Amino acid sequence: MSRYDAIVIGASVGGLAAAALLAKGGARVLLLEKRLAPPEPAGPLFALDPVLVKRLKLQAHGLAFRRPALGTMLWDDEDEALLLPPQARGAARALARLSRADAEAWEPFQTDLKARARALRRWWFRPQAAGSADAVFWSQGARRRFAHDSLMGAEAFLARDFESPRLIGALMHDALGGGLSPAEPGSAVALLWRAAQAMAGVQGAVALALPGSVSMALKAVCGADMRFGDAVTEVLVGRGAAGVRLADGDTIEARAVISSLPRAKTEALAGLARPAATRQVGEAQILLTLEDGYALPPLLQANRAVLSLLPADYADAFEAARAGRLARALPLSLVAEGPLRLVLTAPLAPVAPQAGWPAFQAPFAAAAIQSLRRHLPGLAGALSAVTVVPPKPLARGGLAHLLAPALARAATSVERLWLCGPEAEPVPCVSGRAGRFAAQFAARALR
Amino acid sequence: MRYDVAIIGAGADGLAAAALLARAGRRVVLLERAPQAGGRCVTSEFVPGFLVSPYADTVPSPPAPLLPLLGLTHLLEDFAPVGADIMRRRGRALARVLEAALAPAPQSLWQRLKATLFVQDERPWPGADWADQSIAALRAHAGQNDWRTALAGRAIDPELNGSAMALFAAPQSRVRRGGVGAAGAALQAAALKAGAELRLEAEVAEILLLRSGAGGVLLADGTRLEAEAVISTLDFKRTFLALFRWSDLPPGVLRAAGAWRMSQGRARLLLALAAPPGFSKPIFVSAGEEALSQFRHGVPPSAPAMLVDPVSARDPSLAPDGGAVVTLTLSGIPPRLFDGDWTQEKRETLLARALERLAPLKLPRLVGAATVLPADVEQALGLSGGDLDGGELAPDQMLSFRPGARTAVPGLYLAGPSSAAGPLGLGVAGLTAALALMADLSARSGR
């Protein structure tokens, strides 16, 4: 007889959510975390799952927002900042400065994007569909809807509606999430996913929680047993996942295992060392702490700033990242997490730089800070600490990953072993949704 | 004088369509802007005594069963060893295209629009599982040289997902003797023998739009030619954007034609040498690291990829005794430069740089040389952007996402390189359009 019904590896937002939901459903759950406390995600939450917030009553347990909804502000090298308010009409007014035609195209584009995003979510949420991307092509409805657009690069997708290279470049920024070049098929789907997430968020598309409050609230409601400071060295496999072995030699049995780790690492723990092509380009974060007295522009308090490139430069930046070099220009997005803390997200960072990350992170951070000099003068002199979080070596996703239904993304080659980490999300984000789905699949298997 | 069919352009597609229709007893007129027929299938003297085919040394292989129809039996031979998988996929794609051509014409405007705006049928197209593959990933799949010949003359990044689509256009044939001009002459003979009328130096200015659809053409010299139906062998963009008043067309067609992307970026350097070079097989010279970036930014490439083909080694009829003809097919040449047109000076620099890179081959003394740039191809053959493929070979612009033979304008048929059959072989698009037209005419007379 198993000691636990389910074991969750890693106290990420997804892991905590999965453990909390399973425990709430009456299962005996153990949460294992290598570190001594749950790691708090840096930066903004992309579309925190409203179902999760409601079901676990997170806001009654300490979840609080600094900014419930961040707007978007476009920065580029040549012009003033361009604010894109969430309301279509306001955004269209702002765009009129760039191009009349684009301002007129904005509202229909948003409506169309939302309609597609809604259809895409339905496809993702269909629980019985365990197929792959091919299944999309074989399914009548999805095919009619997505076959053409999904094979488009984001650049071509946007160029159908807009003419201003600045606007196209700024919107392309959101399509980089899946580690794809904006010319690759599937990057248009990444754009749709961002729109889908924006609609599904608890507050706005991009929300800024009080530092620590997401993990704290999840930890407070989590009825699972928790062990911190214990690393998992093996996932035991019988007929399906059967438990874990810890670094101290303990083995714990369970009927299901949910992992926050990347797919390749999880499967390696389960003894399946399959060489999988990993992504060469991923999302890196740079955390900046400022010295007291540096005044951030007020617009930055309520907005996520996107430092965009021109369309052709994205392709260059992608090529450079793929080759492990430093790009001439880095696309960045920027969020002020507090008056003295900035989180920079660089979606086109090399996963394996030629020099290796320890040597590469200093020039990388310097290049990012340098590219902000026009908008945040004197920033370099006002820094008290800089931390670089290198991109995770995720599996090379592409269209198959972006179009796969939730179960296909969460399932591994081992029965009753599910993922709830970054690879279970279609595009990188911290939403907790992958944890909710993994809990759902596990609960069904445990029944 | 009233014709049954007016065909715009006497290239391979136009000649093939004319041959088929005239043999079936239709009164056909072929209208060609240039002083000679053949389109890209021409061979001419570029230096006294030296012959060369300026636009291409190879042609996309038509399927063997269609060769007698085209009058090309025994004329062509396969150039590169082609992976069986690619040939199988091409065969399936061709079957699908022919099936669509022979099916009854869609009646409603919506169906016609849909046929133009991609997705001819709801079933998945052959190759869907390749859609998000890169050539690099399929190298093992393709024949030894496939992926390299697929790249020659195209600005395609083999590492990017979606680049595998170029393999569909890869299989090449070459003409045994007389350059590709011999194939053009054979096609012309077949069309004339069948009874088609060929008018050279007759440029079409407009397609006449009657209430019932396309009803003939207006020539640049003011001549009005009436016809039951019109076949355009121009590319998708040029057919709709240059030969109609835009207000007469359904807006969907204009949008689709406007969004259609051209690419390729091929330049040819034609060299007349005083003695045979020291090699008799084509040599592929890889691109420098910057080549694709330079293509995107409109900068003349410093080290473009090149296919060096000693054409006269296989076909001695091209060069005088003792001499030799070598062609260089360069990839990633921007059609327009960021600072204007290709001036004579820039052309010379391009030639000098290419010869410099070929120094290790120790070419014999140069007797004469010529450059053929995308702008020259556009001017000579009327292809937008000088793109011989009729559009970028991206997954959202291939196979059933290419426009079909029937268009949204009743009575107007699209052959040419942009149509679905375009990349599947020399003249195949012409045959497909002719088949669709005959099917529609017989359906109309039967009613």
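No value in this document is a laboratory result; all are computed from the given coordinates. No experiment lies behind these values; they were computed from the predicted model shown. Please note: Cβ atoms are built from the backbone with ideal geometry, for glycine as well, and neighbour counts cover all protein chains shown.
Each residue, A:ARG374 and A:LYS24, gets one label point 7 Å from its Cα in the Cβ direction; the gap between the two is 4.7 nm. When you filter the trypsin sites (Lys or Arg not before Pro) in the stretch A:336-410 for DSSP loop state and at most 14 other Cβ atoms inside 10 Å of their Cβ, you are left with A:ARG373, A:ARG374. For the residues B:ASP396, B:ASP221, B:ASP387, a GNM of chain B with alpha-carbon springs under 10 Å puts the largest fluctuation on B:ASP221. One Cα centroid belongs to the stretch A:62-93, the other to the stretch B:200-252; the line between them spans 48 Å.
In chain A, the sites counted are GluC sites (Glu not before Pro) in DSSP loop states with at most 15 other Cβ atoms within 10 Å, and the longest stretch holding none of them, exclusive of the sites, is A:164-290. Taken residue by residue and averaged, Cβ atoms of other chains lying within 10 Å of the Cβ of A:147-160 number 5.
Taking the Cα centre of the stretch B:266-373 as the origin, how large is its charge dipole in debye, to the nearest 20, when only Lys and Arg (+1) and Asp and Glu (-1) carry charge on their Cβ atoms?
Around 160 debye, computed over the stretch B:266-373.
Since only B:ALA305, A:HIS401, A:SER333 are under comparison, the one whose Cα sits farthest along the positive direction of the charge dipole of the protein assembly as shown, derived from C-beta charges on Lys, Arg, Asp and Glu, is A:HIS401.
Between 0 and 90 degrees, the angle of helix B:344-357 with respect to the longest Cα principal axis of chain B falls at about 60 degrees. For chain B, the longest principal axis of the Cα atoms and the long axis of helix B:12-23 meet at an angle of about 40 degrees.
In plain terms, the chain from B:ARG88 to B:ALA103 could stretch by 3.1 nm, reckoned as 0.36 nm per residue minus the Cα-Cα distance.
Taking Cα centroids, how far is the stretch A:215-248 from the stretch B:145-176 in Å? Cα centroid to Cα centroid, the span is 50 Å.
Applying 1/(1 + (r/R0)^6) with R0 = 25 Å to the Cβ-Cβ distance of A:ALA64 and A:LEU36, what FRET efficiency is obtained, to the nearest 0.05? The formula returns an efficiency of 0.60 here. If R0 is 60 Å, the Cβ-Cβ spacing of A:ALA81 and B:ASP78 corresponds to a FRET efficiency of close to 0.55.
Whole-Hz Karplus values for the stretch B:430-441 come out as x, 4, 4, 5, 5, 5, 4, 5, 5, 4, 5, 5 Hz, taken residue by residue from phi with 6.51 cos²θ - 1.76 cosθ + 1.60 and θ = phi - 60°; glycine and proline positions read x.
Between B:GLU345 and A:ALA115, the simple spin-label model (points 7 angstrom out along Cα→Cβ) gives 5.3 nm. Of all DSSP bridge pairs formed entirely within the protein assembly as shown, close to 70 percent run antiparallel. Extension gain for B:HIS297-B:GLU201 works out to 30.9 nm (0.36 nm per residue, less the C-alpha to C-alpha distance).
Over the protein assembly as shown, DSSP H runs of length four or greater, each weighted -39,500 (n - 2.57), average out per residue to a 222 nm ellipticity of -10000 deg cm²/dmol. Under the combined filter of DSSP loop state and at most 16 neighbouring Cβ atoms within 10 Å, the stretch B:294-383 retains these trypsin sites (Lys or Arg not before Pro): B:ARG336, B:LYS362, B:ARG365.
Here the Karplus curve 6.51 cos²θ - 1.76 cosθ + 1.60, taken at θ = phi - 60°, turns the phi angles of the stretch B:35-40 into couplings of x, 9, 8, x, x, 6 Hz, with x standing for Gly and Pro.
Label point of A:ALA295 set 7 angstrom out along Cα-Cβ; within the stretch A:371-401, amide nitrogens under 17 Å from it belong to A:375-379, A:382.
Given R0 = 45 Å, the distance between the Cβ atoms of A:ALA268 and B:LEU254 translates into a calculated FRET efficiency of 0.25. Modelled spin-label separation between B:GLU226 and B:ASP129, with each label point placed 7 Å from Cα along the Cα-to-Cβ direction: 5.4 nm. Between the stretch A:159-173 and the stretch B:48-75, what is the separation of their alpha carbon centroids in Å? First find each Cα centre; the distance between them is then 42 Å.
Counting only alpha carbon atoms, the long axis of helix B:179-194 and the longest principal axis of chain B meet at about 20°. Taking a ≥ b ≥ c as the square roots of the Cα gyration tensor eigenvalues, with a/c under 1.5 meaning rounded and otherwise prolate when a/b beats b/c, else oblate, which class fits the stretch A:247-293? Oblate is the answer for the stretch A:247-293, as a/c is 1.5 or above yet b/c matches or exceeds a/b.
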